[in-house]
Amino acid sequence: MPNAKLRKSETQLSDDYISTERLLQVITTLIPDELWPREAEKENPNKVYTYSMRAKCLKDFQILWDKARNPQNPEHFRGKQLYQFFLDIAPQAYELHEKWKAHQGFKGTGLRSIERDGRTIIDVPDGIVFPILASLSTFAKKTKDGWRIVPPRSFRDEELIRAAKAVYQSVANSNPWVMGKSKACYASLYQITSIYKRLSD
């Protein structure tokens with residue numbers, strides 16, 4: 001992402017530009033429980049909307065920006081914390097999305113919705129990728145260099161891929177659109193990363 005720029009209009013279609021709305025979707029998916037803006041969902045954030053509602057993610061970010069820059073807002077302090085998360089995690093969020101969109105660990109899974117070129121994985125549908133990214137939010141950690149997703153050493157992508165395949169087939173009926181909008185799929189993958197997190201603490 002070093003030379004990439006956020007796309008500010010629909011006319012900027014070069015590969016040098018990143019979709020601002022898509023990046024906001026991905027970052028929202030990675031928000032850890034402790035920073036999740038909806039108090040009633042702190043222990044079980046419902047992130048299903050991040051997959052299909054770009055406009056809502058953008059609107060939420062605009063509200064967050066207002067809170068972060070307005071000291072008179074009663075939620076100013078929490079807003080500043082979450083806004084800082086967005087700034088810190090943006091480069092890694094982009095990298096994680098790119099990584100999982102073409103993760104070679106999906107070789108041999110037999111999932112028909114995955115685009116391949118020979119044996120090379122070209123594109124994994126976002127309906128599969130977003131529940132995976134949401135599960136990685138449990139590894140969000142504030143470091144000396146800002147917020148990062150830091151999985152424990154014992155964690156392996158392959159286990160998450162196996163679990164994603166299982167819920168894709170059994171819960172989503174092998175439909176990526178259904179998986180991306182299924183709270184049960186998000187919860188199943190999140191449970192796995194949460195176990196790794198507890199064991200590493």
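Just give me a number: lysine pairs in segment 78-201, eight or more positions apart or cross-chain, with C-alpha atoms less than 21 Å apart.
Close lysine pairs found across segment 78-201: 16.
Tell me the net charge near HIS76. Cut-off is 15 Å between Cβ atoms, HIS76 excluded, with +1 for each Lys or Arg and -1 for each Asp or Glu.
Taking every Cβ under 15 Å from that of HIS76, the sum is +2.
Amide H of PHE155: which non-local residues (sequence gap of 5 or more, or other chain) have their own amide H closer than 5 Å, using H built in the peptide plane?
Correct list: empty.
In the chain, what percentage of the DSSP-assigned beta bridges are antiparallel, given to the nearest 5?
The antiparallel proportion sits near 70 percent.
Quick one: 3J(HN,Hα) in Hz for segment 146-155, Karplus 6.51/-1.76/1.60 with θ = phi - 60°, rounded, Gly and Pro as x.
x, 6, 9, 8, 10, x, x, 4, 6, 6
When the Karplus curve 6.51 cos²θ - 1.76 cosθ + 1.60 is applied with θ = phi - 60°, which whole-Hz ³J(HN,Hα) does each residue of segment 181-194 get, with x for Gly and Pro?
10, 9, 4, 5, 5, 4, 5, 5, 6, 5, 4, 5, 5, 5
As I understand it, the value is the acute angle between the Cα axis of helix 157-170 and the longest principal axis of the Cα atoms of the chain; what does it come to in degrees, rounded to 10?
Roughly 80 degrees between the two axes.
Which of ASN73, SER154, LEU199 sits farthest toward the positive end of the charge dipole of the chain, with +1 on the Cβ of Lys and Arg and -1 on the Cβ of Asp and Glu?
LEU199
About the Cα centre, and with charges only on the beta carbon of Lys, Arg (+1) and Asp, Glu (-1), how big is the dipole of the chain? Nearest 20 debye, please.
Approximately 180 debye in magnitude.
Using only Cα atoms, tell me the angle between helix 76-101 and the longest principal axis of the chain; keep it within 0 to 90° and round to the nearest 10.
20 degrees
Would you please give the residues with an amide H less than 5 Å from that of VAL150, counting only those at least 5 places away or on a separate chain, with H modeled from the backbone geometry?
ALA140, LYS141
For the Cα atoms of the chain, what angle does the longest principal axis make with the long axis of helix 20-30, in degrees from 0 to 90, nearest 10?
With rounding to tens, the tilt is 80 degrees.
Once phi is turned into θ = phi - 60°, what whole-Hz ³J(HN,Hα) does the Karplus curve with 6.51, -1.76 and 1.60 give for every residue of segment 118-134, x standing for Gly and Pro?
These are the phi-based 3J(HN,Hα) values: x, 9, 7, 6, 9, 8, 9, x, 4, x, 8, 5, 5, x, 5, 4, 4 Hz.
We did not get these values from a lab; they are worked out from the coordinates using the rules stated. Every value quoted in this text rests on a predicted model; they were computed, and no experiment measured them. So basically every Cβ, Gly included, is an ideal-geometry build from the backbone, and we count neighbours across all protein chains shown.
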